[in-house]
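Notes follow the structure.
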Amino acid sequence: MLVHTDYLWFNTKQKTEFIRITDQVAAIVKASAVTDGIALVSAMHITSGIYVNDWEDGLIHDFQIWLEKLAPSGLDYRHHQTGEDNADAHLKRTIMGHQVVVPITAAALDLGPWEQVFYAEFDGQRKKRVVVKVMGI
Amino acid sequence: MLVHTDYLWFNTKQKTEFIRITDQVAAIVKASAVTDGIALVSAMHITSGIYVNDWEDGLIHDFQIWLEKLAPSGLDYRHHQTGEDNADAHLKRTIMGHQVVVPITAAALDLGPWEQVFYAEFDGQRKKRVVVKVMGI
Amino acid sequence: MLVHTDYLWFNTKQKTEFIRITDQVAAIVKASAVTDGIALVSAMHITSGIYVNDWEDGLIHDFQIWLEKLAPSGLDYRHHQTGEDNADAHLKRTIMGHQVVVPITAAALDLGPWEQVFYAEFDGQRKKRVVVKVMGI
């Protein structure tokens, strides 16, 4: 059994930014030498997420508008009494999910035709990290 | 260590349809010969999801009404400028989740008394696929 | 390859209660002797969830207010025709997620600086269970 771990770093220019990371995950899987197994891809910060969906700018825009509607910024969140101002980022990342498990088959990510892995930043402009844990044979 | 992969195919009659797949997942786990481990069950299309919840028609109806409220169809989504009309399906599946990891203990799915695995279709009436990746000993 | 399984039991005093379980998960991982791998932490009941986020009482309050807004209790849910009154709990747990996979590196939970694992109860005051499945080397 093989277990391989690596990390991806992000420091986005915008506060909110979605970044496709399928290729980086695939590169880590290749380095792991795992040909059959899984790759856990998990945000290590609690105001960012990982999700799988379409690589289409219009839809990414729709996601961001929709998340702002469901979990608005600027409300009088109790979390803000600590001096923070990012409660909405915690909520938004919860809707998107903070991790995915990507299956690996025949030495490649076993993704459907339109599946792409994304990093979703909701409180960026600082260094943040994602762990990738590959396991299999 | 054993790793076993199989796929489930769906072609629903309705655009939106939730289908219980616990038995199909259990059958794949049995075929894998894994007695202690996990089964990743993951939608390979980005307008369908996988979730665990109650096998009760009333609740399934409630889920569908609720998702329509949180992520309505028919809005002027930017994704629709590509010619697509299913942006809401992408959003709805995000709320439900696109994958689950089912624990396997003593050669069976280690589920609680009411846990059932479901396939949630939001843009059906065409062939779509789910991957099941079983790992363990 | 090592596979180790244990269960956590909860019987909350309140109907809704979020409980930090990072230490209990770490103790199970230690007992497993796995030093590199993953721990699946999964609610076995369909009205409770598992999530990773901040250990800050204000934010926990914000989460609960927000979930009540997105999935209100007391509506005329069809699920209630079965005699149940907890449809909202099923919806709320769906937003929070019902499971997480925690990476294990160097014999410890490989969590970011603010990541904490929580049990989220939405229909408590009775015995409920969480499975922890540890796999790795």
Exercise for the section: Return a yes/no flag: does segment C:55-71 have any residue that is within 29 Å of residue A:39 (Cβ to Cβ) and not charged (D, E, K, R). Expected result: yes
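Residue by residue, here is whether (1) touching a Leu at 6+ places or on another chain (Cβ under 7 Å); (2) more than 7 Å from every other protein chain (Cβ to nearest Cβ); (3) of a type in the set (Gly, Ala, Ser) holds:
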position	(1), (2), (3)
C:52	no, no, no
C:66	yes, no, no
C:83	no, yes, yes
C:102	yes, yes, no
C:108	no, yes, yes
C:112	no, no, yes
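A quick yes/no check of all residues on (1) surrounded by fewer than 21 Cβ atoms within 10 Å (Cβ to Cβ); (2) hydroxyl-bearing (Ser, Thr, Tyr):
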| residue | (1), (2) |
| --- | --- |
| C:73 | yes, yes |
| C:83 | yes, no |
| C:86 | yes, no |
| C:89 | no, no |
| C:92 | no, no |
| C:97 | no, no |
| C:101 | no, no |
| C:116 | yes, no |
| C:130 | no, no |
Problem - Every pair of residues 6+ apart whose Cβ atoms lie under 7 Å, when the first sits in segment B:64-89 and is closer than 28 Å to residue B:53 by Cα while the second is among the aromatic types (Phe, Trp, Tyr) - result: B:71/A:66; B:87/B:77; B:89/B:122
Handout entry: Residue tally, condition in contact (Cβ under 8 Å) with a residue 40 or more places away in the chain and either out of contact with any strand residue (DSSP E or B) (no Cβ under 7 Å at 6 or more places or on another chain) or not hydrophobic (A, V, I, L, M, F, W, C) (or both), over segment C:112-137
Key = 14
Problem - One residue from A:25, A:34 being within 30 Å of residue B:2 (Cβ to Cβ), outside any loop (DSSP other than H, G, I, E, B) and either of a type in the set (Ser, Thr, Tyr) or open to solvent by less than 60 Å² (accessible area, probe 1.4 Å) (or both) - result: A:25
Problem - Condition met for residue B:78 (away from chain A (no Cβ under 12 Å) and surrounded by fewer than 19 Cβ atoms within 10 Å (Cβ to Cβ)) - result: no
Fill in the blank from the handout: Filtering segment C:114-135 down to residues that are at the interface with chain A (Cβ under 8 Å from one of its Cβ atoms) and either in a loop (DSSP other than H, G, I, E, B) or in contact with a helix residue (DSSP H, G or I) (Cβ under 8 Å, 6 or more places away or on another chain) (or both) yields C:114, C:115
Practice task
Read through the list (1) over 28 Å from residue C:76 (Cβ atoms); (2) over 14 Å from the mean Cα position of the chain (by Cα), then give the number of the only condition that residue B:113 fails.
Solution key: (1)
Exercise for the section: Give segment B:44-62 a look and list any residue that's within 22 Å of residue B:132 (Cβ to Cβ) and assigned to a loop (DSSP other than H, G, I, E, B), or say none. Expected result: B:44, B:45, B:46, B:47, B:54, B:55
Practice task
From B:33, B:39, B:43, grab the single residue that is modelled with pLDDT of 95 or more and more than 14 Å from chain A (Cβ to nearest Cβ).
Solution key: B:33
Practice task
Considering every residue within segment A:48-55, establish whether at least one is without any contact (Cβ under 8 Å) to a residue 60 or more places away in the chain and open to solvent by 30 Å² or more (accessible area, probe 1.4 Å).
Solution key: no
Exercise for the section: Could you tell me whether any residue of segment A:91-98 is within 7 Å of another protein chain (Cβ to nearest Cβ), farther than 22 Å from residue B:78 by Cα and either in contact with a Cys (Cβ under 6 Å, 6 or more places away or on another chain) or assigned to a helix (DSSP H, G or I) (or both)? Expected result: yes
Exercise for the section: Would you confirm whether any residue within segment C:4-18 is open to solvent by 30 Å² or more (accessible area, probe 1.4 Å) and part of a helix (DSSP H, G or I)? Expected result: no
Fill in the blank from the handout: Scanning segment C:1-19 for residues that are away from chain A (no Cβ under 13 Å) and out of contact with any helix residue (DSSP H, G or I) (no Cβ under 7 Å at 6 or more places or on another chain) gives C:5, C:7, C:9, C:10, C:11, C:12, C:13, C:14, C:15, C:17, C:19
Exercise for the section: Answer yes or no: is there a residue in segment A:85-97 that is within 11 Å of the chain's Cα centre (by Cα) and under 18 Å from residue C:38 (Cβ atoms). Expected result: yes
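The values are calculated or read from the model by the stated rules, or taken from the named source; none is laboratory data. Because the structure is predicted, anything quoted here is derived from the model rather than measured. Glycine also receives a Cβ, built like all others from the backbone with ideal geometry; neighbour counts cover every protein chain displayed. To get the accessible areas, we keep the full protein, side chains included, count just its heavy atoms, and leave off ligands, DNA and RNA. Shrake-Rupley method; radii C 1.70, N 1.55, O 1.52, S 1.80 Å.
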